[in-house]
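Everything below concerns the one structure shown next.
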Amino acid sequence: QLQLVESGGGLVQPGGSLTLSCTASGLTLDYYTIAWFRLAPGKGPEGVSCISGDDGTTYYSDSVLGRFTISRDNKKNTVYLQMNSLKSEDTAVYFCATTSPGSGYVCYDPRVQKDYWGQGTQVTVSS
């Protein structure tokens, strides 16, 4: 079965760091564009970041720019999201997904087509 599995979430204090992982089985991520989304209580889905499958270009939403870093390790079939200087506003369930280019939207825009996604991992930022 084709699937993506997120891991690495947990409870962290404000200002702390976490690294999330998105690992694929049943497909090779090398040439897929991978995006991270998050869903917080009372809010709609928010795009966080993405990394292009063709040239590795990275993109970040304004809310995480300078604090989060997306990367990939193709040998491990995994995409990472390193999160630093975490804020309470970052509390959410984080999902990864393959997204399709060519829609005119940045690859982390929630409106882009998503072919595969995981079950999510909870990130809670609280003191």
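The values are calculated or read from the model by the stated rules, or taken from the named source; none is laboratory data. Note that the structure is predicted; figures quoted are calculated from it, not measured. Positions of Cβ are generated from backbone atoms using ideal geometry, with glycine treated the same way; all protein chains shown enter the neighbour counts. Quick note on the areas: whole protein, heavy atoms, side chains included, nothing else; ligands and nucleic acids left out. Shrake-Rupley method; radii C 1.70, N 1.55, O 1.52, S 1.80 Å.
Brief remarks follow.
- Checking each residue in region 11-38 for being in a loop (DSSP other than H, G, I, E, B), under 22 Å from residue 109 (Cα atoms) and open to solvent by less than 30 Å² (accessible area, probe 1.4 Å) picks out only 29.
- Given (1) among the small types (Gly, Ala, Ser); (2) under 10 Å from the mean Cα position of the chain (by Cα); (3) modelled with pLDDT under 95, index of the condition residue 97 fails: (3)
- Residue ID - nearest to the chain's Cα centre (by Cα), chosen from residues in region 27-61 that are of a type in the set (Gly, Ala, Ser) and more than 24 Å from residue 122 (Cα to Cα): 52
- Among all positions in region 54-77, there is no residue which is open to solvent by less than 20 Å² (accessible area, probe 1.4 Å) and at pLDDT below 95.
- Pair list, Cβ under 8 Å, 6 or more apart: region 1-17 residue free of Cβ contacts under 8 Å to residues at least 40 places away in the same chain, other residue open to solvent by 20 Å² or more (accessible area, probe 1.4 Å): 1/25; 1/26
- Extreme residue, least open to solvent (accessible area, probe 1.4 Å), among residues of region 88-107 that are over 19 Å from residue 120 (Cα atoms) and of a type outside the set (A, V, I, L, M): 100
- Sub-7 Å Cβ pairs linking a first residue in region 56-80 that is on the phi > 0 side of the Ramachandran plot to a second residue that is open to solvent by 50 Å² or more (accessible area, probe 1.4 Å), at least 6 apart or interchain, are 77/23; 77/28, ordered by first then second residue.
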